[in-house]
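Novice: I am attaching a structure below and will ask some questions about it afterwards.
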Amino acid sequence: MPLRNTKGFVFSLLIGLPAAAAVGLPAIAADSQPRQSVISVIGEGRSTLAPDMAVLNLSVVRQEKTAREALDGNNKAMSDVLAALKKAGIAERDLQTSGFSVQPQYRFPQSSDGQPQPPELIGYQVSNSLTVRVRDLSKLGAIIDQAVTLGVNQGGDIQFTNDKPDSAIEAARKDAVADAISRAKTLAGAAGVKLGNVIEINESGPRPQPVPVYRAAMMKEASDSSVPIQGGETSYNITVNVTFAITQ
């Protein structure tokens, strides 16, 4: 409440107010401290590893006048392929059906008078796709050859990879951090300042880089010759974002 003394001066008496309200100016001053100077850089690391596994996609496609005939033919071929793969040492856990479809097939006749004609049903197509993990790469070419011989006529995509890439990823991660430190030191030296402690690290990855992929339209005519396979190397890339404090 305002108080007036005998000389006419006015005083303000604050009763029951929080401490922060009573010292509002110092609190505002504390919030307006200058922000810490930092250097933020991106570091990249890369490590390569010879692949020890291939993921192979195989498909059997059959077309007949009826869906039943197409399905029976497809089932027979795929059963033979599965039996051969298991005999070659492919485990059950490495065989997975990745797609199955039954599609009607139509012919679109051309009319002499230019009028649209209704499509004609000419048969049915059945497709059964199989994903195979081959852990012994020395068998890969022979497996493809035999699969084509037994009825696989579509697919052939191969992705080379590693079952346990942990060591390569760890090496790439260390290289990425070392790269970030090197870049930060260069920037700090150019700016005439010194690096302080690491404030924050964020990682992006790992990202396996594409490796040579074998693609083929698997037709029976091509099954007489051995399939040449080259595994190459699998690359694992790591990116880190590192923020350093700056000390003058």
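Novice: So if R0 is 35 Å, what FRET efficiency would A50 and I201 give, r being the distance between their Cβ atoms, rounded to the nearest 0.05?
Specialist: Values: r = 30 Å, r/R0 = 0.85.
Rounded to the nearest 0.05, the efficiency is 0.75.
Novice: Okay, moving on. Please sort 184-190, 72-78 by packing, taking for each peptide the average over its residues of neighbouring beta carbons within 10 angstrom, highest first.
Specialist: Highest mean packing first, the order is 72-78, 184-190.
Novice: While we're here: So, counting K/R as plus one and D/E as minus one, what does the shell of residues with Cβ under 14 Å around E92 add up to? Each step should come with its number before you reach the end.
Specialist: Values: positive: K86, K87, R93, R133, R135; negative: D94.
Net charge around E92: +4.
Novice: Figure the gain on full extension for I181 and Q103 (residue separation times 0.36 nm, minus the Cα-Cα span) and round it to one decimal in nm.
Specialist: Going from the current span to full extension adds 22.3 nm.
Novice: Over every pair of different alpha-carbon atoms in the stretch 53-161, take the mean of 1/r and invert it; report that Kirkwood radius in Å.
Specialist: 15.4
Novice: Once you place label points 7 Å from the Cα toward the Cβ at K174 and L121, how far apart are they in nm?
Specialist: 6.6
Only the coordinates and a few stated rules stand behind these numbers; no lab work does. Bear in mind the structure is a predicted one, so any value in this text is a computation, not a measurement. We place every Cβ from the backbone using ideal geometry, glycine too, and count neighbours over all the protein chains shown.
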